[in-house]
Amino acid sequence: MSSFLENSKNSPYDPKSNYKLGLNKKRDQQIWAIAGGKGGVGKSLVTANVSICLALMGYKVSSVDLDLGGANLHTCLGVPIPEKTLSDYLSKKVRNFSDLLNDTPIENLSLISGAQDDLGIANLRHMQKTRLISKLRDIDSDYVLMDLGAGTSFNTLDFFINSDMGILTALPEPTSIENTYRFIKSFYHRKMKMIEDLLDIGPIIDKHLNSKLSYNFSPSELFEKMKEVNPEKAELLQAELNKFSPKLIINQVRTQADIDIGFSMKIICKKYFGIDLDYIGYLEYDSTVWQSVKKRKPLLMEFPNSALVTNFDRIVHKLLKI
Ligand SMILES: Nc1ncnc2c1ncn2[C@@H]1O[C@H](COP(=O)(O)OP(=O)(O)OP(=O)(O)O)[C@@H](O)[C@H]1O
Ligand SMILES: [Mg+2]
């Protein structure tokens, strides 16, 4: 089986040479967010290894650990806890954001390490988040990948909403699947709140749907109601929400049935939430993952022939649409 590393040199795709041929101008920077409704579902694994794939392809990449309070992305990238972390920036110990960028053993890949304590950062103020996002947009990288914390905190939802692409990882087990749906629902609630003002639909929601804005309302129910009340606004709302189609990765698959869960989730999301969930691939359960974590080495570099290399290769090509 040919590995991603070989592919990056020999494949007809060879994005590195495409990049050089380049499409000659600097690409627009893209911020990708990696989240999951639950802890331990592979967010850091995905962030680290997708970052490495992109860096090996010749893109300039920054991995950012935004798992505030539980930062460990550095381990997946094979580097010790960097001296300067986001904590230092948020507490104003470090003034210059670019001082947070740490080199990694992988060419083209830098790391901004997350906060090592949760002092004052568990819930960032709106201004802090906006500032942080704008600082991330200023980084001189083709891709900035954000490893987000577990769950549906406002921090996590807001970083996900403000990214150019949101990637969800889930395990093929009921608790993880449920939490993924919960995340999607929370995400749409949050996003709705943000576009309420934009579309001036707040009064309509208050008047006609207040009771629906409980934990249990679904976006598709909302569209239906909105269509009855104000079809024009309903269309605008749908267009606004449709701009964002989250990607899904099923991690730790062992059987075909596990792989198929992604397809079912896609159908369910469309049916119940009215949203397009883009199932971009799966990662096999593989002992090289914990072996590399134990060794504190990046998986793709330590086990270039593992099955996961092929899995990541496929996912990254899908993400890049090449
Ligand atoms: N494909 C896989 N095969 C085998 N083990 C895996 C796989 N993916 C993840 N794991 C195991 O699950 C652990 C958790 O993965 P990871 O740290 O990437 O999850 P996370 O979602 O970032 O967790 P947290 O919410 O704690 O930050 C890994 O240390 C590894 O032991
Ligand atoms: Mg993690």
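Seen from residue 280, the other residues with C-beta closer than 11 Å to its C-beta sum to a net charge of +4, counting Lys and Arg as +1 and Asp and Glu as -1. Relative to a virtual label point 7 Å from the Cα of residue 81 in the Cα→beta-carbon direction, which members of region 52-71 show backbone nitrogen distances below 16 Å? 65-71, by backbone N distance to the label point.
Considering only 177, 144, 157, and ranking their Cα positions along the charge dipole of region 123-183 that arises from unit charges at the beta-carbon of Lys, Arg, Asp and Glu, the one farthest toward the positive end is 157.
Diagonalising the gyration tensor over the Cα atoms of region 219-322 and scaling each eigenvalue by 5 before taking the square root yields semi-axes of 38, 14, 11 Å, largest first. Couplings 3J(HN,Hα) for region 312-322, derived from phi with the Karplus relation 6.51 cos²θ - 1.76 cosθ + 1.60 (θ = phi - 60°), are 5, 3, 5, 4, 5, 5, 5, 4, 8, 6, 10 Hz, where x marks Gly and Pro.
Taking amide H as placed 1.01 Å from N in the peptide plane, residue 166 has its amide H under 5 Å from the amide H of 33, 247, each at least 5 places away in sequence or on another chain. Taking Lys and Arg as +1 and Asp and Glu as -1, the other residues whose beta-carbon sits under 13 Å from that of residue 255 total -3.
Calculated FRET efficiency, residue 240 to residue 175, Cβ-Cβ distance, R0 = 35 Å: about 0.65 to the nearest 0.05.
Highest mean first, how do 38-51, 74-87, 284-297, 135-148 rank when packing is the count of other Cβ atoms within 10 Å averaged over residues? Let's see the in-between values first.
Numbers: 38-51: 24.1, 74-87: 19.5, 284-297: 15.7, 135-148: 21.4.
Most protected by this proxy first, the peptides run 38-51, 135-148, 74-87, 284-297.
For region 131-178 versus region 250-270, the inter-centroid distance based on Cα atoms is 21 Å. Each of 229, 64 was scored by other Cβ atoms within 10 Å of its Cβ. Arranged with the fewest first, they read 229, 64.
Quick note: the coordinates plus some simple rules give every number you see, no bench work behind them. Quick caveat: nothing in here was measured; it's all calculated off a predicted structure. A quick note on method: Cβ atoms are made from the backbone with ideal geometry, for glycine too, and the neighbour counts reach across all protein chains shown.
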